1. When a footprinting reagent is the concern and you count Cβ atoms within 10 Å, what order do Leu113, Leu73 take, fewest first?
2. Take the alpha-carbon positions of the range 67-166, form their convex hull, and give its projected area averaged over all directions (one quarter of the hull surface) in nm².
3. Mind giving me the nanometre distance, one decimal, between the label points for Asp85 and Lys140, set 7 Å out from Cα along Cα→Cβ?
4. Once both labels are modelled 7 Å past Cα along the beta-carbon direction, what's the Gln150-Arg102 spacing in nm?
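FYI, it's all coordinate maths here, none of it is from the lab. Worth saying up front: this structure is predicted, and the values here are computed from it rather than measured. Here the Cβ positions follow ideal geometry from the backbone for every residue, glycine too, while neighbour counts run over all protein chains shown.
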Amino acid sequence: MAPHPGYDRRRGRRCWQGKDESRGARGHSSLKAALDTEILISAREAATIEQMRTACVTKQRDLPAGAKYAFKLKAVDLGRDTDGDPVTSCTVEPVDEMPSDRRQPTGKHQRTLLTALLEWKRQHPDTPTISTIEFRGIAKAQKIDRRRLQDATETLEKFGWLIPTIGGYRFVAEEGT
């Protein structure tokens, strides 16, 4: 039996992201179940060859996932083909500094909650975490209902503003803190 056309024995299966990044790679869910390792390669915008990219281990069968690595591609000229066109390849060069995932939220409730949390942090500069009760109280004062709060919280976590802790959240008002 011939292998699937998208399969290469040396590289394994290659998949592409769909339009909604949160839904993972395209294809049937059994594809992910069959993988030992899944690595997501991403760049901030339409990538040029010199632009920094990240590789994130999104699934690892027997080891923890979540490791991120930054790298750049370096173009290498291999010569010319029979028509005289340039033949190139690229090499991967590691980068020491990881690019930031932090983005400003765009949703109404996300922005409202972030503004309220920034004000909370201004009033409590030495307090590293905010309790769940206090967090919900801030959202209630901003008239954010429970369902909208959950959505806003998930987005602020994804964008690097909130880190879940036991009994609450660590609010990261400044990058790198």
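1. In order of increasing Cβ crowding within 10 Å: Leu73, Leu113.
2. In nm², the orientation-averaged hull projection of the range 67-166 is 10.7.
3. 6.6
4. So the label points at Gln150 and Arg102 sit 2.9 nm apart.
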